[in-house]
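Down below is the structure, laid out as structure tokens.
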Amino acid sequence: MTTLKDRGRQIAAWFAGAHPVPRQAETEWARHGVAMLPLGERFDAIRVPASRIHAALGSDDPDTVDAALLDWLHGPVVRDVRTGSGLYYVLIAPDAAWEGTEDRLRRDVYLALPRLGQRISPVTYWVVQPERAGQLCDPARLVALLSTAEALKATES
């Protein structure tokens, strides 16, 4: 039987494996609480402005948003609040189709990924932590979520 701690190690090892030197990612998590990981090999990221997520969910309350994103996306999401109202990064498979208008970040881009477990950084943190190694979001679910914001916007006009 796999323990929660073992599963956390497996997930961290999977993400660290995206780095050319996985040990460096582990060191960055230990020292800084975040590691810079390259995209395009194990995962890509869709960069979504907070305003789009909040409009789609009808809330900017962190607890409400966290629960709704878990329910909608069933996969890992990182929040970075260093810029303005912040950005959400939805992690998807490199070979997954993306039909949305938001930026897809791929090869030659690095993403600050927080250490798993308890939140350490006030600016870059998991909104939805992965539950198993290799778990990523289905981009079609993100498109569906964001389309609700467009529908709400149309009815308000």
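Remarks
- Failed item, numbered, when LEU69 is tested on (1) part of a helix (DSSP H, G or I); (2) closer than 30 Å to ARG23 by Cβ: (2)
- Among the residues making up segment 1-19, those that are assigned to a loop (DSSP other than H, G, I, E, B) and modelled with pLDDT under 95 are MET1, THR2, THR3.
- Any hit, segment 110-121, residues being out of contact with any Cys (no Cβ under 7 Å at 6 or more places or on another chain), in a strand (DSSP E or B) and either polar (S, T, N, Q) or surrounded by fewer than 15 Cβ atoms within 10 Å (Cβ to Cβ) (or both): yes
- Here is the figure for segment 133-150: residues that are farther than 16 Å from ILE46 by Cα and either part of a strand (DSSP E or B) or without any contact (Cβ under 8 Å) to a residue 60 or more places away in the chain (or both) total 1.
- The one condition from (1) in a helix (DSSP H, G or I); (2) within 20 Å of ALA112 (Cβ to Cβ) that ALA55 does not meet is (2).
- Filter result (of a type outside the set (Phe, Trp, Tyr), surrounded by 16 or more Cβ atoms within 10 Å (Cβ to Cβ) and touching a residue at least 60 places away in the same chain (Cβ under 8 Å)) within segment 9-24: ILE11, ALA12
- So TRP98, is it over 30 Å from THR3 (Cβ atoms) and modelled with pLDDT of 95 or more: yes
- Residue, nearest to the chain's Cα centre (by Cα), within segment 69-85, restricted to residues that are over 11 Å from CYS137 (Cα atoms) and crowded, with 18+ Cβ neighbours inside 10 Å: VAL78
- The lone criterion from (1) in a loop (DSSP other than H, G, I, E, B); (2) at pLDDT 95 or above; (3) surrounded by fewer than 19 Cβ atoms within 10 Å (Cβ to Cβ) left unmet by PRO130 is number (3).
- On inspection, ALA45 fails the criterion of being touching a residue at least 40 places away in the same chain (Cβ under 8 Å), under 14 Å from CYS137 (Cα atoms) and in a loop (DSSP other than H, G, I, E, B).
- Residues in segment 25-60 that are farther than 20 Å from ILE120 by Cβ and in contact with a Pro (Cβ under 9 Å, 6 or more places away or on another chain) were compared, and the one that is surrounded by the most Cβ atoms within 10 Å (Cβ to Cβ) is PHE43.
The values are calculated or read from the model by the stated rules, or taken from the named source; none is laboratory data. In this text, all values refer to a predicted model and were calculated from it rather than measured experimentally. Positions of Cβ are backbone-derived with ideal geometry, glycine not excepted, and every protein chain shown enters the neighbour counts.
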